[in-house]
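Right, one structure below, let's go through it.
The values are calculated or read from the model by the stated rules, or taken from the named source; none is laboratory data. Treat the numbers as computed from the prediction; the structure is a model and nothing was measured. All Cβ positions, glycine included, derive from the backbone under ideal geometry; neighbour counts span all protein chains shown. Only protein heavy atoms, including side chains, enter the accessible area calculation; ligands, DNA and RNA are left aside. Shrake-Rupley method; radii C 1.70, N 1.55, O 1.52, S 1.80 Å.
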Amino acid sequence: QVQLVESGGGLVQAGGSLRLSCAPSGRTFSGYAMGWFRQAPGKEREFVAAINWYGTTTNYADSVKGRFTISRDNAKNTVYLQMNSLKPEDTAVYYCAARSSLRGSYDSTVGYNYWGQGTQVTVSS
């Protein structure tokens, strides 16, 4: 059951930028921390970025630190991932997730029980 919907993916050249958006479908996620994960063909789903409910704490994978920015607008019930200086290795399906449990850590999929269907990001060289 999809309860989050991602948008904003597409095809860009290396060095370009994209902004992904994530909005709820059918319910809200008040009080939830949110995260972005990505999965490339043949690879495990990996952590990209996370943000707490208040937007006062953010975390990033080392591979995207300094290039990606996660943010949220709770009035719009929307989470964003601004991606700059994109590299071909960023190519993946990007998933938005809501952290419904504090089990596991923020960079693990374990605590994220609500997911979107994903949006494709392709970066050409």
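Below is a table of values for the structure above.
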{"item": "Karplus-derived 3J(HN,Hα), 6.51/-1.76/1.60, for each residue of the range 83-100, Hz, glycine and proline x", "result": "10, 10, 6, 5, 10, x, 5, 7, 4, 4, 8, 9, 10, 9, 9, 9, 8, 8"}
{"item": "Where labels lie 7 Å past Cα in the beta-carbon direction, separation of Lys76 and Arg27 in nm", "result": "2.4 nm"}
{"item": "Centre separation in Å (Cα based) which lies between the range 27-46 and the range 54-125", "result": "6 Å"}
{"item": "FRET efficiency estimate (nearest 0.05) - Cβ-Cβ, Thr122 to Thr57, R0 25 angstrom", "result": "0.25"}
{"item": "Trypsin sites (Lys or Arg not before Pro) within the range 4-42, DSSP loop, no more than 14 other Cβ atoms inside 10 Å", "result": "Arg27"}
{"item": "Contour excess over end-to-end distance, with Cα ends at Glu89 and Lys43 and 0.36 nm allotted per residue", "result": "15.4 nm"}
{"item": "Per-residue ³J(HN,Hα) for the range 34-46, Karplus 6.51 cos²θ - 1.76 cosθ + 1.60, θ = phi - 60°, Hz, x for Gly and Pro", "result": "10, x, 10, 10, 9, 9, 9, x, x, 10, 6, 5, 10"}
{"item": "Accessible surface of the chain, 1.4 Å probe, proportion on carbon and sulfur as whole %", "result": "45 percent"}
{"item": "Computed accessible area, Cys96, all protein chains, 1.4 angstrom probe, square angstrom", "result": "0 Å²"}
{"item": "Options Gly31, Gln117, Tyr60, ranked by Cα towards positive dipole end of the chain, top entry (Cβ charges)", "result": "Gly31"}
{"item": "Per-residue SASA entry for Glu44, accessible area with 1.4 Å probe, Å² rounded to 10", "result": "150 Å²"}
{"item": "Dipole in debye (nearest 20) - the chain, about Cα centre, beta carbon charges: Lys, Arg +1; Asp, Glu -1", "result": "200 debye"}
{"item": "Segment Ser105-Val5, extension gain: residue separation times 0.36 nm, minus the distance between their alpha carbons", "result": "33.7 nm"}
{"item": "Cα coordinate range in the range 1-56, projected on the principal axes (Å, largest first)", "result": "35, 26, 19"}
{"item": "Accessible surface, per residue, of the range 1-97 when the full set of protein chains is kept, probe 1.4 Å, Å²", "result": "50 Å²"}
